[in-house]
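Worksheet: one structure, shown below.
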Amino acid sequence: MTVRRILLVAALLALFTGCGDGGDGVVLPPAGGRVDYQLGGAYPPADGVDVVIRDVTAEPAPDAYGVCYVNAFQTQPGTLRQWQDEHGELLLRDDGELVADPDWPDEVLLDTSTQANRATLADVVGADLERCADAGYDAVEPDNLDSWTRSRGLIDDADNLAFARLLAGRAHDLGLAIAQKNAPELRDAGLDFAIAEECEVHDECDVYTEAYGRHVIEIEYTDNGTEAFQRACAARGDEISVLLRDRDVVPAGADGHVLEWC
């Protein structure tokens with residue numbers, strides 16, 4: 001029996017397990033469960049881990065709720081040439097110049113500024129959502145919802161909100177729950193739970209818990225020190241999932257790997 005089927009059965013016992021149903025009956029991650037964020041490379045999770053988040057290129061972890069990471073609003077590193085060859089018109093440009101994320105210069109923003117672009121992007125990114133579903137994941141994490149803040153004013157929050165709604169519909173049609181990744185301003189896209197990076201540092205965790213209750217995964221990072229993580233544990237560690245990770249989210253056994261829970 002696949003993890004998704006197990007979770008669908010478990011949803012009937014949600015009152016006792018702490019799991020719940022999201023939009024269109026999809027199953028959410030267990031509230032307050034122990035989470036491992038494995039974007040830097042897959043590895044066997046430790047005993048007691050309930051939720052494992054991995055890149056779309058990796059297989060889901062067995063016997064855990066699987067969340068599939070997709071770079072939905074920017075190009076994934078190493079894929080720019082393919083985007084230029086196949087969907088160059090969907091890349092954001094400023095007077096002909098590609099607009100890249102200043103912190104991740106190998107990630108170019110996708111142009112969500114028109115309804116036509118959003119519809120085509122939903123097909124392109126939707127292929128990754130299908131890949132997640134076919135692999136057996138239970139949910140998807142579409143990253144860079146906040147890309148409009150790096151767009152030089154060429155796209156706005158309404159553009160990304162409209163695209164997020166399209167992705168939510170695609171995910172739900174595939175039986176996948178869908179996360180809001182950061183961007184606390186955008187809470188009306190029909191998403192199911194939140195993955196909030198550094199919300200203690202930015203003093204915005206309450207925005208997520210008000211919107212999603214206990215279905216929030218909070219990730220704090222070591223390059224901010226451990227104080228924010230400790231405060232988060234004291235404030236919310238018995239209600240939501242809180243973890244501390246190294247910024248590069250390297251695999252277990254690699255230099256610099258850090259993974260702690262409250």
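The numbers here are math on the coordinates, done by the rules we state, and not lab data. What you see is a predicted model, and the numbers here were worked out from it, not measured in a lab. Virtual Cβ from ideal backbone geometry, glycine too; neighbours counted across all protein chains shown.
Among the trypsin sites (Lys or Arg not before Pro) found in the stretch 144-216, those both in a DSSP coil and sparsely packed, with 13 or fewer other Cβ atoms within 10 Å of their Cβ, are ARG152. Which of these values of P(r) over Cα pairs in 10 Å bins from 0, in percent was calculated from the structure shown: (i) 7, 31, 37, 21, 4, 0; (ii) 6, 24, 28, 21, 12, 6, 3, 0; (iii) 7, 28, 35, 22, 8, 1, 0? Recomputing P(r) over Cα pairs in 10 Å bins from 0, in percent here picks out (i). What the Cβ-Cβ distance of THR149 and ASP63 gives, at R0 = 41 Å and to the nearest 0.05, is a FRET efficiency of 0.60. At an R0 of 25 angstrom, the distance between the Cβ atoms of THR120 and GLU204 translates into a FRET efficiency of 0.20. Here the Gaussian network model covers the chain, with springs between Cα atoms less than 10 Å apart; of LEU129, LEU167, LEU121, LEU121 fluctuates the most. Over the residues of the chain, the helix contribution to mean residue ellipticity at 222 nm works out to -8500 deg cm²/dmol, using -39500 (n - 2.57) for each DSSP H run of at least 4. Counting 0.36 nm for each residue step from ASP238 to GLN82 and taking away their Cα separation leaves a gain of 51.7 nm. The angle between the Cα long axis of helix 157-173 and the main principal axis of the chain comes to about 60°, on a 0 to 90 degree scale.
Straightening the chain between THR222 and GLU185 buys 10.8 nm, computed as 0.36 nm per residue apart minus the Cα-Cα spacing. Residues considered: GLU210, GLU130, GLU239. Largest GNM mean-square fluctuation over the chain, using C-alpha springs under 10 Å, is found at GLU210. The long axis of helix 227-236 is offset from the longest Cα principal axis of the chain by roughly 60 degrees. Compared with the alpha-carbon gap, the fully stretched path from ALA158 to GLU97 is longer by 19.7 nm at 0.36 nm per residue. Across ASP146, ASP47, ASP173, mean-square fluctuation computed from a Gaussian network of the chain (C-alpha pairs under 10 Å connected) peaks at ASP47. Taking the C-alpha atoms only, the angle from helix 115-135 to the longest principal axis of the chain is near 40 degrees.
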